[in-house]
Amino acid sequence: MLGTSVAAAAAAIALVSLLLPAASYQASAEVILLPNPAAGAQVDPSGTTLDPGNAAPVAVAILNEQRWLVQAADVAGVPAGSLSLAATVVPKTPMIWLSAVATDPRAAEVALRSLIAEATPTVEHLAGPYSVGVVGAPDGTAGAAGISRPIVRAAVASITFVVVLGGVWLFLSRRARERDGM
């Protein structure tokens, strides 16, 4: 009975390690909102001109819209479910940090370039009299995101070894007690 339990636990741990999601890679880029005199002043309902500090959150909201995801995934050649895009304001600046996470490093970089190219006209139209300038391009920025798959597999193998070793120890100690009790 004990041997079956240990074998089942080891099999369950091995199955979990095989079902782990594929490795993921994160690419990043930075864009900045630059004054665009040709765009004219954008005035909000209170009659004040939007400054970059107010325009950046608007730009982030636009960049975080899900409508960009499908197109970026198509351009990158990955399923939309295996890609995530995010934009955040760099505090107290007109800069925006962008990131893309995908199962392939090149796909993450391509998806981010696509996001910048496709969303820029909408951002420039809605975020005020600002142009979007790329400060840090996504090319070459993709790196492993989270814990790497080999590390997870090594941890699972170690846990499996400990579980099996513990089961064998329990089995042998129980057997020794039964033999001594006879």
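The values are calculated or read from the model by the stated rules, or taken from the named source; none is laboratory data. Please read all numbers here as calculations on a predicted model, not as lab measurements. Note that each Cβ is placed from the backbone with ideal geometry, even for glycine, and that neighbours are counted across all protein chains shown.
A few comments on the model shown:
- Exactly one residue out of Ala39, Ala56, Ala14, Ala72 is within 17 Å of Val132 (Cβ to Cβ), in contact with a helix residue (DSSP H, G or I) (Cβ under 9 Å, 6 or more places away or on another chain) and at pLDDT below 90, and it is Ala39.
- So Glu124, is it in the same structural domain as Val58 (by TED's automatic domain parsing) and over 18 Å from Pro35 (Cα atoms): no
- Taken residue by residue, region 18-26 has at least one member that is under 26 Å from Asp139 (Cβ atoms), modelled with pLDDT of 90 or more and not aromatic (Phe, Trp, Tyr).
- Total residues in region 112-143 satisfying the condition of being of a type outside the set (A, V, I, L, M), over 19 Å from Val90 (Cβ atoms) and at pLDDT 90 or above: the figure is 5.
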